[in-house]
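All remarks here apply to the structure that follows.
The values are calculated or read from the model by the stated rules, or taken from the named source; none is laboratory data. All figures in this text were calculated on a predicted structure; none of them were measured in a lab. Cβ coordinates were reconstructed from backbone atoms using ideal geometry, including for glycine residues, and neighbour counts include every protein chain displayed. Ligands, DNA and RNA are excluded from the accessible area calculation, which covers all protein heavy atoms including side chains. Shrake-Rupley method; radii C 1.70, N 1.55, O 1.52, S 1.80 Å.
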Amino acid sequence: MGFNIPRGTQDILPGESERWQYVEKIARETCHAYQYKEIRTPIFEHTELFSRGVGESTDIVQKEMYTFADKKGRSLTLRPEGTASAVRSFVENKLFANPVQPTKLYYIGPMFRYERPQTGRYRQFYQFGIEAIGSNDPAIDAEVIALAMSVYRKAGLSNLKLVINSLGDKESRTAHREALIRHFEPRIDEFCSDCQTRLRQNPLRILDCKKDRDHELLKTAPSILDYLNEESKAYFAKVQQYLTDIGIAFEVDSNLVRGLDYYNHTAFEIMSNAEGFGAITTLAGGGRYDGLTEEFGGPKAPGIGFAMSIERLLAALDAENVNVGTDDGIDCYIVTLGDKAKDYSVSLLYKLREAGISAEIDYEQKKMKGQFKSADRLHAKYIAVLGEDELNQNQINVKDAKTGDQQAVGLDEFIRFLKTNTES
Ligand code: HAM
């Protein structure tokens with residue numbers, strides 16, 4: 001009986017995994033420069049963490065969670081995102097007690113959402129995300145956005161669009177919410193049943209509805225920017241000023257609402273502008289969540305972060321024809337002739353590898369010609385030939401694959417020879 005991979009999931013095979021490692025390395029190095037430290041949280045959490053954290057009215061909680069009961073009947077959920085877990089861990093482990101604040105965290109790992117799979121949308125996908133918890137300095141908002149842009153640029157992308165918005169503080173959001181209810185209520189029966197529930201639960205969600213996105217009332221809906229109080233306006237202006245100072249171009253879009261409930265003040269998304277990138281252009285999304293630590297029983301500690309899909313980053317690199325993480329070949333392939341040489345090569349190979357030289361031999365009892373072919377396939381920089389004659393003379397014949405030059409190297413010198421000639 002054969003098995004197929006579950007719908008919406010992927011195998012990342014050798015050849016492709018190198019590209020993942022390449023972008024993950026850039027993400028980690030950038031986090032180091034910006035002083036974000038890695039956090040690893042469980043793949044599953046108590047369901048309530050997400051229903052409370054992400055929000056009851058969101059599509060994620062209502063339709064997309066992989067929720068199951070464990071053997072004791074507890075309701076657990078595969079994490080659909082990383083922010084709720086990071087904030088839970090911040091509160092539970094009292095990271096707020098650390099004298100250095102804000103607490104700056106990053107994570108890379110799989111997330112799970114029961115969505116309709118299509119190009120760029122999966123049921124298991126990988127997010128690289130960061131969270132800065134414990135500061136409401138607008139400079140940290142600019143830093144978080146700058147870090148995301150930096151990762152994309154270092155990875156090799158150039159066709160990027162940054163869109164920002166402010167959802168304001170509680171007072172601004174309440175005023176906007178009331179205006180939205182007044183706007184939609186008289187004609188709410190023209191909307192889908194989800195939106196009818198959303199009207200009272202969270203009317204902002206109507207602006208994000210996939211079914212009703214062409215309804216004329218959406219175009220004339222009151223803009224949050226008209227309802228920001230002075231404090232929220234000043235905060236948003238400062239974030240924009242810092243972005244401008246840093247030299248990061250952006251557009252303000254008052255329709256950007258984001259799909260999770262915990263946001264206030266700054267919200268942003270980064271899209272790919274690359275031609276032929278496909279229907280889903282959002283590469284990353286994030287924003288500020290100032291009440292979440294208190295919601296989880298912790299002290300006041302305003303936070304901001306973002307998450308990006310690694311799959312979409314790699315797809316954007318493809319769309320821009322940027323080749324990354326390609327296999328640049330091994331340092332040395334040892335071709336052996338006869339049993340004695342083969343036996344000797346096993347421990348020689350071990351020594352090379354321990355010295356940090358990437359090396360390979362044949363395990364299929366191939367003839368010499370076949371071994372040379374393997375060396376070629378592995379893009380070996382040096383091909384070393386070892387036969388009984390060479391062994392007797394304590395030598396190995398080394399060929400430079402690029403130039404074709406050949407020379408006999410003493411077996412005692414072999415490791416040093418490879419080290420000096422392959423070090424980049
Ligand atoms: P989100 O907008 O739900 O935000 O997801 C962030 C990013 O994850 C998206 O922009 C996209 O790149 C990727 N993503 C989401 N769903 C899928 C999917 N089904 N397939 C592939 N990629 C996907 C959050 O998750 C927030 N936790 C971000 C955040 C962190 N806000 C503050 N801190």
Considering residues that are out of contact with any strand residue (DSSP E or B) (no Cβ under 8 Å at 6 or more places or on another chain), among the hydrophobic types (A, V, I, L, M, F, W, C) and in contact (Cβ under 8 Å) with a residue 24 or more places away in the chain, the number found within the stretch 336-347 is 0
| request: Test Gly297 against the stated conditions and say whether it is more than 30 Å from Arg353 (Cβ to Cβ) and not in a loop (DSSP other than H, G, I, E, B). | output: no
Selection from the stretch 1-50 of residues open to solvent by less than 90 Å² (accessible area, probe 1.4 Å) and of a type in the set (A, V, I, L, M, F, W, C) yields Ile5, Ile12, Trp20, Val23, Ile26, Ala27, Cys31, Ala33, Ile39, Ile43, Leu49, Phe50
Picked from the stretch 283-292 (must be buried (at least 22 other Cβ atoms within 10 Å of the Cβ) and within 11 Å of Ile133 (Cα to Cα)), the residue nearest to the ligand (Cβ to nearest atom) is Tyr289
The condition from (1) open to solvent by less than 20 Å² (accessible area, probe 1.4 Å); (2) more than 17 Å from Leu314 (Cβ to Cβ) that His265 misses is numbered (1)
Screening Tyr333, Tyr350 for residues that are free of Cβ contacts under 8 Å to residues at least 40 places away in the same chain, under 30 Å from Lys25 (Cα atoms) and of a type in the set (Phe, Trp, Tyr) leaves only Tyr350
Picked from the stretch 209-230 (must be part of a helix (DSSP H, G or I) and out of contact with any Ser or Thr (no Cβ under 9 Å at 6 or more places or on another chain)), the residue nearest to Glu56 (Cα to Cα) is Leu218
Within the stretch 45-80, the residues that are touching a residue at least 24 places away in the same chain (Cβ under 8 Å) and either at positive phi or of a type in the set (Gly, Ala, Ser) (or both) are Gly53, Gly55, Ser57, Ser75
Restricted to the stretch 297-313 and to residues being over 27 Å from Gly156 (Cα atoms) and surrounded by 18 or more Cβ atoms within 10 Å (Cβ to Cβ), the residue nearest to the ligand (Cβ to nearest atom) is Gly303
Of (1) more than 30 Å from Val100 (Cβ to Cβ); (2) within 8 Å of the ligand (Cβ to nearest atom); (3) not charged (D, E, K, R), Ala316 satisfies every one except (2)
Does at least one position in the stretch 325-337 carry a residue that is out of contact with any Gly (no Cβ under 6 Å at 6 or more places or on another chain), surrounded by fewer than 19 Cβ atoms within 10 Å (Cβ to Cβ), modelled with pLDDT of 95 or more and assigned to a loop (DSSP other than H, G, I, E, B)? yes
